[in-house]
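Following: one structure in C-alpha cells, then a few remarks.
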Amino acid sequence: MYWNMANTIFWYDFETFSSDPKAGRAAQFAGLRTDENLNIVGDPLVIYCKPSNDFLPDPVACHITGITPQEADSKGMIEAQFIKAILKEFSVPNTCVSGYNNIRFDDELTRQLLYRNFFDPYEHEYKNGNSRWDIIDMVRLCAATRPEGIEWPKKDDGYVSFRLDQLTTKNGIEHDSAHDALSDVKATIELARLIKTSQPKLYDYCYSIRSKSVVNKIINFETRRPFLLVSPSVSSRHGCLSLMVPLCLHPRLPNTVLAADLRQNPKMWIGLGPKELRERIFLPRSKIGPGTDRVLVRGVALNKCPVIVNFDVLDGGRALDLDIDIEKSRKNWETLMEDAKKLRHIINNVSQSFSSEPKGETDPDLMIYDGFFTKPDKQLMATIREADPADLNRFDFPFRDRRLKEMLFRYRARNYLQTLSPEELMLWNDFRMRRINSDDSRDQYNKSLLEAVSVGISNDILENLEKYVLGLGV
C-alpha cells in the first residue's frame, strides 16, 4: 500500500506560450524525481505539447524559451496525452510535487490542463499521501533571516534578486540553458540542496509546513499572536517579510485566513465600514496617493504553501537591516487588541468587505473554480478520457454541469480535429477565428511582438512565428 512507499519529491517546470497560467498553453514540460535528501531516483521526463489552433503564441514567451510553435508541434503530443503523462508522475503515492514559483504559475497551469482534459484538477495534490511545495518563498526567507552560506545576487536597486538564473550564476550552479525546462528543474534541485546544506533547520522547517493542516496550527485566533509572512508583494527592501495578525477566516474561501499587515497603523482603517473598507483594500495602484493608501488586509491561502514563521526568527540586527520596525508593529498590534468588543466589530467589517462574489466567468475554459463536478459527471468524464476519440460524437452524454457540453466540443477539436463532422468543423473555425481575431488577442500579440523585437528576438523565431500565425488563417 502507498503508506509503505518512500516519500519522494517530483521537481518540475513548464515552458509556455504565454505568461498567463490560466489562459495560456504549455509548450514543454520537464520533471525529475528525488528522494527527500535530494538524491535523484529516476530518469527525467521531458515532453512537448502540440499547440492547438485556437490561440496566438506570445512572441516574448517564444523569445525567452526559444521554443517555436512549429518545434512544439513536431516534437509534441496532443494536450490530452501530454497532461496524462504528467499526471502519471504526479500521482505516484507519497509524491511531493515541487518547483520554483510553481504555486503561483506552474501548479495553476497544471490544474487548467487537467480541467480542460476531464481529469480532477486537485486530487494529485493530496491523495495517497501526496502534497505540493514551492521553494521560492523558502529562498526569500533564507535571504532575509539566514543569509549565511549563500551568495545573493542584487538588482539595480541594490536589493536581492530572486531570479533563478541569477541565483544559480552567483552560486556557481550549472544552469547553461535558463528557460529550458529540464535545465531549470536541475538548477532548482541544486539551489534547494545548497539551502539544505547551508541552512538545514530552515530547509526542514519550510518543508515541514507545506500542508495546510500544519500551517493552520501555527495561526492562533485566540491569542492572535503575530507571525512573519513571506510574500512577493512585500518589497525586497523589507526582505519580502511582513508581520501579520490573523483576524478571521475568509467568508467565501475556507482555506484562506484574513490578516492585517502590522506595518500599517490600523487607526487609519478601523473606523471604516465594509463598503469603504473593501474599496480601500482593493484600491487600484493608480488611485494611491497622499492621504489615500491601500488598506493592508490580505488573504493568506493555507493551501498554497505559505511560509509563516514566528517573528522571533528575526533578530534586532536583521530587522534593522530590512527596515522592519518591530516596536511600531507591536504598537499597531496593541491598537487592534486593546478593546475586545471593538475588535469583534472590526473583524465583522473586514469579513463583510471580502464577502462579495467576484464577477462570474462565462468562458468554460476559464470556469475551473465555478464549483466541483458531481460524481455522475465525473463518471462521464472518465468515460470521455477512455473512449475511442472517433466515437465521442456518437455519445449523448447526460451532463449535469453546464460547462461540460462545450468543454467536450473544444476537447475534441483541440485533440482530435479529424473526428469533427463538416458542420462541427465550421463551428470550430468560427469559434477559433473569433477568439484569435478579437481586439484583445490581436492587441496583446502586437504589443508582445514589439517588445520581443525590442529585446532582440532572433530572426528565425520571428519568421517562424509569422508563418505560424499566417497558417492559422489570421
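The values are calculated or read from the model by the stated rules, or taken from the named source; none is laboratory data. Keep in mind it's a predicted model, so treat the numbers as computed, not measured. Note that each Cβ is placed from the backbone with ideal geometry, even for glycine, and that neighbours are counted across all protein chains shown.
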Just to verify a result, which residue in segment 244-301, among those that are part of a loop (DSSP other than H, G, I, E, B) and among the small types (Gly, Ala, Ser), is surrounded by the fewest Cβ atoms within 10 Å (Cβ to Cβ)? Gly291
Residues of segment 99-149 that turn out to be under 19 Å from Ala187 (Cβ atoms), of a type in the set (Ser, Thr, Tyr) and touching a Cys at 6+ places or on another chain (Cβ under 9 Å), as a count: 0
Enumeration of residues in segment 461-474 that are farther than 14 Å from Phe55 by Cα and in contact (Cβ under 8 Å) with a residue 24 or more places away in the chain: Ile461, Leu462, Asn464, Lys467
Run down Leu296, Leu253 and say which single residue is within 26 Å of Glu327 (Cβ to Cβ) and touching a residue at least 12 places away in the same chain (Cβ under 8 Å). Leu296
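Every residue in segment 384-432 that is of a type in the set (S, T, N, Q), modelled with pLDDT of 95 or more and in a helix (DSSP H, G or I), please. Don't jump to the end; show me each part of the working.
Within segment 384-432, the subset of a type in the set (S, T, N, Q) is 393, 415, 418-419, 421, 429.
Still in the running and modelled with pLDDT of 95 or more: 415, 418-419, 421, 429.
Scanning segment 384-432 gives Asn415, Gln418, Thr419, Asn429.
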Do we find a residue being over 24 Å from Ser19 (Cβ atoms) and surrounded by 17 or more Cβ atoms within 10 Å (Cβ to Cβ) anywhere in segment 102-116? no
Looking at segment 14-53 only, could you name the residues that are within 16 Å of the chain's Cα centre (by Cα) and either closer than 20 Å to Ile135 by Cβ or touching a residue at least 60 places away in the same chain (Cβ under 8 Å) (or both)? Phe14, Glu15, Thr16, Pro21, Lys22, Ala23, Gly24, Ala26, Phe29
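Hey, does segment 223-230 have a residue that's polar (S, T, N, Q) and touching a residue at least 12 places away in the same chain (Cβ under 8 Å)? Break it down stepwise before answering.
Restricting attention to segment 223-230, the residues satisfying the condition of being polar (S, T, N, Q) are 223.
From the residues that got through so far, the ones that are touching a residue at least 12 places away in the same chain (Cβ under 8 Å) too are none.
No, that holds for no residue.
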